[in-house]
Amino acid sequence: MAHLAELTAVELLAGYRSGEFTPVDATEAALDRIEQDNGALNAFVLVDAESALESARGSAKRWADGETQGPADGIPTSIKDIFPTVGWPTLRGSHLINESGPWDFDAPCVARLREAGAVLLGKTATPEFAWKGTTDSLRFGATTNPWDASVTAGGSSGGAAAAVGAGMGPWAVGTDGGGSVRIPAAFTGTVAIKGTYGTVPMYPSSPFGTLAHAGPMARTVTDTALLLDVISGFDPRDWSALPSPARPFSEDLASLNVDSASLEGVRIAYSPTLGFGTNDPEVEQRVHEAVEVLASLGAQVDQVDPEIEDPVEAFHILWFTGAAKVLEAYGSEALGQIDPGLRAGIEKYADSTALDYLTATAVRMDMGVRMGSFHQTYDLLVTPTMPIPAFDATRQAPGGWPSDLWTSWTPYTYPFNMTQQPAVSVPCGLTSSGLPVGLQIIAARTQDRAVLRAARAYEIASGEKFSAPVSPSARAGETGQ
């Protein structure tokens, strides 16, 4: 049953329904893949095989009895080690957190998955307090990429992306405060969506405030939409949660196929750099080719920038004052015990005033107004997800890059946390060295269905070439390493 690790959630559900295999078989395949490849990738920081198999046996019985709990029942799923989870430590990549707990409640997305019968495999790696775009921590080390174990998986949901990309379960839940599901999705050839802020409820509220989203990660757009169906919806513990969706997100994708994946009438703005970025030539070429596919599906495509300025300094004020608030709970000695890069950022912005914070918020609001106006003309904005492919996993930025700070090489992701817009990353090709490239599709707030539909149409037209996972051990065997 090893091949079950290669299947999507949709394919697993079909197999459960037909009786070809069971959730126990799928869970065993995922656990075997974890045992086989986690040593190379460091995707998981906690695996609870006994609990997962117990959940899988319960799901198998429900499928046999015709009493399933919905489209998550029996799907092996991982949880980023940021979300509180009953019975499992949530260590957030930090030595500051005591493993003894108590660990007595589930975050909303975890509770939804558990209620829906998903099989929870364990917790995936994050940088300390999910603060940056690579996944390495003093507590757990670095997470690497299924396509090449010498390069980063990205971050901060790098463990989740590496797990999904390597077949360690078809679903993962991550967080995104400045690109943290989209960055690793682009680097690992997987799919992720940061929905409109409030679509997926968060509790406890993030100290990074209304920049921070929870988001689903998978290998295909349809799988991602199915997971979004499970974890979205109102939760009274989140003061900013949106009302529950009127219908499933995946429902809008069900009718799309090779003959019906039209984008006729959709107005798309293609901005290669947002007016302030610089791209690796191969990344820009792969994205340009993807935009041509969108045009071939009937979309009206114009190359145009949205005329926004890089909000990076305002983002830094919001981000690092939030990080300082995270540390507040751990006492005055905490600053000397954390990731040096995180410490440097907190110290740089330590003198930020309430006026500085409000000024940064005003920058954010102005961007929101500008993007709202922009989307009166264009339904979608398309950019590269990342300007570069994945780089050396021992570094914080590509070699020779002018800055090690993660925002210096993620210019296309954090702006849309500032504006709270839905944004999806979908794979759009490989560089000549065999590393994935991501296409980012953005829409106006609340138009999550539009980005998912466009991403699915592109995926169909481009052949879903990255839907199969990459096993580092199998790749090494093929190349004789």
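The values are calculated or read from the model by the stated rules, or taken from the named source; none is laboratory data. In this text the structure is predicted, and so the values were computed from the model without any measurement. Here the Cβ positions follow ideal geometry from the backbone for every residue, glycine too, while neighbour counts run over all protein chains shown.
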Item checked: Test for THR413: is it crowded, with 22+ Cβ neighbours inside 10 Å, among the β-branched types (Val, Ile, Thr) and either free of Cβ contacts under 8 Å to residues at least 40 places away in the same chain or part of a loop (DSSP other than H, G, I, E, B) (or both) -> yes
Margin query: So, ILE338, is that one within 22 Å of HIS213 (Cβ to Cβ), modelled with pLDDT of 95 or more and of a type in the set (Val, Ile, Thr) or not?
Written below: no
Next item on the list: All but one of (1) assigned to a loop (DSSP other than H, G, I, E, B); (2) among the charged types (D, E, K, R); (3) crowded, with 24+ Cβ neighbours inside 10 Å hold for GLU67, so report the exception by its number.
Entry: (3)
Checklist line | The listed residue being under 23 Å from the mean Cα position of the chain (by Cα) and not hydroxyl-bearing (Ser, Thr, Tyr), out of PRO387, PRO402 | finding: PRO387
Item checked: Filtered residues of region 365-397 (kept if outside any helix (DSSP H, G or I) and farther than 14 Å from GLY277 by Cβ) -> TYR378, ASP379, LEU380, PRO389, ALA390, PHE391, ASP392, ALA393, THR394, ARG395, GLN396, ALA397
Next item on the list: Tell me, yes or no, whether region 144-160 has at least one residue that is modelled with pLDDT of 95 or more, part of a loop (DSSP other than H, G, I, E, B) and more than 23 Å from THR407 (Cβ to Cβ).
Entry: yes
Check: If a residue has to be hydrophobic (A, V, I, L, M, F, W, C) and part of a helix (DSSP H, G or I) to count, how many in region 161-205 make the cut?
Finding: 8
